[in-house]
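Comments concern the structure below.
The values are calculated or read from the model by the stated rules, or taken from the named source; none is laboratory data. What you see is a predicted model, and the numbers here were worked out from it, not measured in a lab. Don't worry about glycine lacking a Cβ; one is built from the backbone with ideal geometry, like all the others, and counts go over all protein chains shown. Just the protein is used for accessible areas: all its heavy atoms, side chains included, with ligands, DNA and RNA removed. Shrake-Rupley method; radii C 1.70, N 1.55, O 1.52, S 1.80 Å.
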Amino acid sequence: MSNATTTPVPTPSKPKAASKSKAPAPREINGSAAVLEAFLEEGVDTIFGYPGGAIMPIYDALYDYQEKLKHILVRHEQGGIHAAQGYARTSGRTGVVFATSGPGATNLVTGLADAMIDSTPLVCITGQVFAHLLGTDAFQETDVINITTPITKWNYQVTDATEIPAVLAKAFYIAGSGRPGPVLIDITKNAQIQKFSYEGYKKCSHIRSYRPKPIVRKEYIEKAAQLINQAQRPFILFGQGVILGKAEKEFQAFVEKSGIPAAWTLLGLSALSTDHPLNVGMLGMHGNYGPNVLTNECDVLIAIGMRFDDRVTGRLDKYAKQAQVVHLDIDPAEIDKNVKSTIPVWGDCKETLPLLTELVEKKTYPEWLKRFKDYYKEEVDAVIKEELNPTTEQMTMGEVIKVLNQFTDGDAVIVTDVGQHQMVACRYAEFKQSRSNVTSGGLGTMGFGLPAAIGAKFGAPDRTVVAICGDGSFQMTLQELGTIMQSELDVKILILNNRFLGMVRQWQQLFNDKRYSFVDIASPDFVMVAKGYGIAGQSIEKREDLPNAIKAMLDHKGSYLLEVFVGKENNVFPMVPQGCSVSEIRLK
Amino acid sequence: MQLEARSLQLKNMNPNKQQYTITVYTENQIGLLNRIAILFSRRKINVESLNTSPSEVEGIHRFTIVINETEEVVRKLCRQIEKQVDILKAYYNTNEEIIWQEMALYKVSTEEIAEKVKVERLLREYGARAVVIRKDYTVFETTGQREETDKLVEVLEPYGLIEFVRSARIAIIKDSHGFHEKLKEFESTEPSEEVVENEFLDKQDEVFTM
Ligand SMILES: Cc1ncc(C[n+]2csc(CCOP(=O)(O)OP(=O)(O)O)c2C)c(N)n1
């Protein structure tokens, strides 16, 4: 490897694809134009980016493509990549980002890590210094490939323009296929400028060293069905795999025929309508009571497109030990990674679910389902009633979400930041359709909310998009208000202000004897800040103003910022404390 | 030597840990060495030896990596390795399942060695070969397993071993049929059921003992 020279990316020339469209006559273009041509061929319509020296040739080429490619100038590259993530999550397509070398590229790191752990398809293009300057500590030279290797599904440095069409085809194929993920292509400036004979674009559909979907093996589906059919207390856990596989219908059919109660992970939320009778709620640290406790009582656990994250499992050696586990996943590395499966069903759930549905018996489990309902009642009494209809003077986050539900009717896209407000929003927001919940799950990135909401709106322009932000999180990326202003976008911003870094404060209260160490965060007048960006808004403190304020926000033409002051020291419950088993979930 | 003792100690700490040799077939891509290496370092796994070389198939590279770990860890690691886009296949084997060799070079003072050691006996006994003989120093070479190359170090140390170096392990898998057939599978867009990544589903015992 050490003496390897730059090798062209192997492009399997497929006669079939070539014969379909007659190859256009070669023409002379530069590397930058080749990047944009690739975007057009891949159906890209929106780019989130920020220019700079090392990517100037691409921006120069973009000048001539403005009619065909919309470019959104963000205020920070992190905002750009989170926007692309939001776009990908609501549209189901690959998000695209431009950034310059050095600081531009390093500003992408958080978003790449976030997209990697949450399996979000992205193609990020970074400019790089001239190839002859690589390794010389040139101005704004950073080893972006090595920095991003652990947080990209694939990355590649282009130093020769002739590579660009094949490399971009490969990038889009890898980002969007199998278990999706972020791809970064670093292009040296000379390659952006270099002219070459462009012979058209061939989409990539096969890479010999890459198998996006394992082959479905019927015998394992049969074994899984057998296990499920014999079960007395089966339980479904579903994750984002259902959404990424665009298998919501197939999933619902499986749930309805099998009659098995189903609970979601944070990222699985909205794959199944929240009011579905078999939807028993949320799993994990701040999930619902029943799903957590009954995980340790079910006899067959059917995990679909989820990866048993530690926030879902709690203490692993006390997790579902009594259950036989059927695990459906597209990524072979996920099977048996955290929880040992009895029957592994490798494959795309869009293919495996219908096969399984076919073989499972139509059933209902009224008694078993009732146990979920009984636990739910307990949770209502201990937590939910007070959260949604508080007797306290100060408002709760839950009641704000409840009123929001009343006005959106479960049709809005809800984007969240990270913290208590995220957990409360995900616990109580209602969803009728898939791709409606955009949140940073695996990485828990504060500051994700506002930029992701911007992207979410571009990905779903006809839908209402509400960003639910914490006062702390919002201050991490609030400069993206500038992007909203300039793009004349309609994004609703709902800040749940508890004047604390609430989630950390909650832990300090519960586990560090209330030693509130640096969680008391001051905020500017958010309404005034918004006003500076030409965005309307208001701030409320009283319960009686809540319905009108929410209505005003939703009715307003264009973006709107609503700040709601909520109780300073409210906590999110239930809670599975770190290091505890899911059955040790606390109601207070 | 010290290292050997330490790894033995570690071995004693977790009796399930043993030496595994991981064989990885890859595309010839810049940056792949790093992509593989960080999978180990991220999990704080010490790589005992790493070799890269061409394989039996033209254009395909072969990494040979030795680590001391439990089978469960090694199995999961192999899946993470194989998941990387430019990697075709990763196998793991115990020492019993492979034929393996390392090569070592020893530099000693010619004067010392000529006076005190019966060179010929030494060469015969340890399968060593003199690569260079100069007035000031001599370089020996042996090829073999760790114990064999170590033994010669012991023998030469009293005579002032000036330099010693040992190569990474290279290994051949005893019951492998090579990668030519596998590659054909990989190259076809519609692989058959035999296709590699589902392979060990058939070995249920192994899958389910995890
Ligand atoms: C970038 C980043 N830094 C730090 C954290 C740790 N953290 C998790 S939640 C949280 C507090 C969030 O406060 P706020 O946004 O006000 O939301 P709240 O919990 O009060 O609803 C912090 C600091 C994080 N998740 N992300």
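Annotations for the structure displayed:
- Cβ neighbours within 10 Å from other chains - mean over A:327-340: 3
- Extending 7 Å from the Cα toward the beta-carbon at both residue B:34 and residue A:205 defines two label points whose distance is 3.4 nm.
- Above-threshold pairs, the threshold being 28 Å between Cα atoms, out of B:17/B:182; A:170/A:350; A:257/A:350: B:17/B:182
- Mean shadow area of the range A:395-565 over all directions, Cα convex hull, nm²: 9.4 nm²
- Under Stokes-Einstein, with the Kirkwood radius over Cα pairs as Rh, the value for the range B:100-166 at 25 °C and 0.890 mPa s is 211 µm²/s.
- Formal net charge of residues neighbouring residue A:553 (Cβ-Cβ distance under 14 Å; K, R +1; D, E -1): -1
- Against the empirical 2.2 N^0.38 Å (N residues), the protein assembly as shown has a Cα radius of gyration ratio of 1.06.
- Accessible surface of the range A:27-198 [probe 1.4 Å, protein heavy atoms]: carbon and sulfur percent: 52 percent
- The angle between the Cα long axis of helix A:248-258 and the longest principal axis of the Cα atoms of chain A comes to about 30 degrees, rounded to the nearest 10.
- Nearest-0.05 FRET efficiency for residue A:361 and residue A:392, computed from C-beta distance (R0 41 Å): 0.25
- 10 Å-binned pair-distance histogram of the range A:402-476 (Cα, whole percent): 22, 56, 23, 0
- Alpha carbon Rg of the range A:27-198, scaled by the compact-globule rule 2.2 N^0.38 Å: 0.92
- Sorted on the mean count of surrounding Cβ atoms within 10 Å across their residues, most packed first, peptides B:77-85, B:121-129, A:354-362 read B:77-85, A:354-362, B:121-129.
- Within the accessible surface of the range A:372-433, defined with a 1.4 Å probe on protein heavy atoms only, the carbon and sulfur portion equals 49 percent.
- For the peptide B:72-82, the mean number of other protein chain Cβ atoms found within 10 angstrom of a residue's Cβ is 2.
- When +1 charges are put on Lys and Arg Cβ atoms and -1 charges on Asp and Glu Cβ atoms, the dipole computed for the range A:27-198 relative to its Cα centre reaches about 360 debye.
- Of the peptides B:155-168, A:400-413, the order by per-residue mean of other Cβ atoms within 10 Å, starting with the highest, comes out as A:400-413, B:155-168.
- In the protein assembly as shown, helical runs assigned H by DSSP with n ≥ 4 each contribute -39500 (n - 2.57); averaged across all residues and rounded to the nearest 500, the mean residue ellipticity at 222 nm is -10000 deg cm²/dmol.
- Placing unit charges on the Cβ atoms of the charged side chains and taking the dipole of the protein assembly as shown about its Cα centre, the candidate lying farthest along the positive direction among A:369, B:49, A:397 is A:369.
- For the range A:415-438, there are no residues whose amide N sits under 12 Å from a probe point set 7 Å from the Cα of residue A:246 along the beta carbon direction.
- Scaling the Cα radius of gyration of the range B:47-87 by the globular reference 2.2 N^0.38 Å produces a ratio of 1.30.
- In plain terms, the chain from residue B:164 to residue B:94 could stretch by 22.5 nm, reckoned as 0.36 nm per residue minus the Cα-Cα distance.
- Interface area, chains A and B: about 3800 Å² of buried accessible surface, summed, with a 1.4 Å probe and ligands, DNA and RNA left out.
- The charge dipole of the range A:218-372, taken about its Cα centre with unit charges on the Cβ atoms of Lys, Arg (+1), Asp and Glu (-1) only, comes to about 340 debye.
- Only Lys, Arg, Asp and Glu carry charge here, each on its Cβ (+1 for the first two, -1 for the last two); on that basis the protein assembly as shown has a dipole of about 560 debye about its Cα centre.
- Cα-based equivalent ellipsoid of the range A:252-393: semi-axis lengths in Å, sorted from largest, via gyration tensor: 27, 18, 14
- Of the GluC sites (Glu not before Pro) found in the range A:378-429, the ones in coil according to DSSP and having at most 12 other Cβ atoms within 10 Å of their Cβ are A:393.
- Distance-filtered residues of the range A:211-255 - backbone nitrogen under 12 Å, label point 7 angstrom along residue A:297 Cα→Cβ: A:233
- Förster radius 35 Å - calculated FRET efficiency between residue A:377 and residue A:479, Cβ distance, rounded to 0.05: 0.15
- Averaged over B:16-29, number of beta-carbon atoms from partner chains that fall within 10 Å: 2
- The range A:218-352, relative contact order [Cα under 8 Å, separation at least 6], %: 27 percent
- Multiplying the residue separation of residue B:176 and residue B:124 by 0.36 nm and subtracting their alpha-carbon distance yields 15.4 nm.
- Measuring nothing but how far apart in sequence close Cα pairs (under 8 Å, 6+ apart) lie, relative to its length, the range A:86-199 scores a relative contact order of 32 percent.
- Förster-model FRET efficiency, 35 Å R0, residue B:111 and residue B:143, C-beta, rounded to 0.05: 0.85
- Unit Cα scatterers, Debye sum, the range B:44-150: log10 I(q)/I(0) for q = 0.14 Å⁻¹: -0.74
- Highest-first packing order for the peptide set A:51-60, A:551-560, A:230-239 is A:230-239, A:51-60, A:551-560, based on the mean count of other beta carbon atoms within 10 Å.
- Furthest towards positive pole of dipole, A:185, A:415, A:448, structure part the protein assembly as shown, Cβ charges: A:415
- Here the label points at residue A:23 and residue A:253, each 7 Å from Cα along the C-beta direction, are separated by 4.2 nm in the simple model.
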